[in-house]
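Below: one structure, written as structure tokens.
Nothing in this text is a laboratory measurement; each read-out follows from the coordinates by a stated rule. Worth saying up front: this structure is predicted, and the values here are computed from it rather than measured. Quick reminder, even Gly has a Cβ in these numbers, built from the backbone with ideal geometry, and neighbours come from all protein chains shown.
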Amino acid sequence: MPAVDRLSIVAHDRFQEIINEANRPESLIHLQALVLSPEDLDQKTKTVVSQSRLDTMLGIKPSGISGDTSAGIEEAKAFSNPEERVAQVTRDVIRNLESQPRKLPSVTYLTIPEIRAEVIREVRERYRPAQLVLEGIAEQPDIAAVVAKTSELVIQQTIDIPHLVVPKGEVQSGFKPFVVGPGHPQLPPSEALWIQYLRTGVAETVGLGKGNRGNTP
């Protein structure tokens, strides 16, 4: 596909060498000129705000949307009103739990009954309908069912970042103290750095703050 196999080079420190390579018949790089017409220059750009598929499925609107911006690729919504509002509250509650790795080390823990019950309890406390309705007149969303479905979507659309693993048993690697400076038993002064050139073996100090360069021992 030309749109995929195309490399646009605007500037490069070896630009002419790239052009010469592209002009060779057997080169894998082929030079193609792009001529912009006045109509192309008059086209207005449009900002696309990207967000996760999960947020789009839950009906969460990205911030900063205006007449010159769009939310990118549309996804089919997983809920309808008023369940969508419950799903969004559930997402906020799960985000709060994700910041507590001791309680929720992985999103798969959302299937544990105790964790699920805590999420449902928190959602019931936070949920407020978009407009006040009289109880018994308007249909109330099934919060437990919405929490269960939202949790499944979070699990499906989330890649867990693995936690650091601390090795157990005998440690065979680590850091040991050492002396800096060729032929000097003490550390160099705090305001100087030691430099030793690999080509000549000559060592020198570079002063920090006082400008005393080239002080070869």
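Out of Thr108, Gln88, Ile120, whose Cα points farthest toward the positive end of the dipole of the range 83-156 (charges: +1 Lys, Arg; -1 Asp, Glu; placed on Cβ)? So the residue we want is Thr108. Relative protection proxy for 145-152, 33-40, 92-99, from highest mean packing down: 145-152, 92-99, 33-40 (other beta-carbon atoms within 10 angstrom). The orientation-averaged projected area of the convex hull spanned by the Cα atoms of the range 83-156 comes to 4.9 nm².
Sorting 111-118, 44-51, 55-62 by their mean Cβ neighbour count within 10 Å, with the most densely packed peptide first, gives 55-62, 111-118, 44-51.
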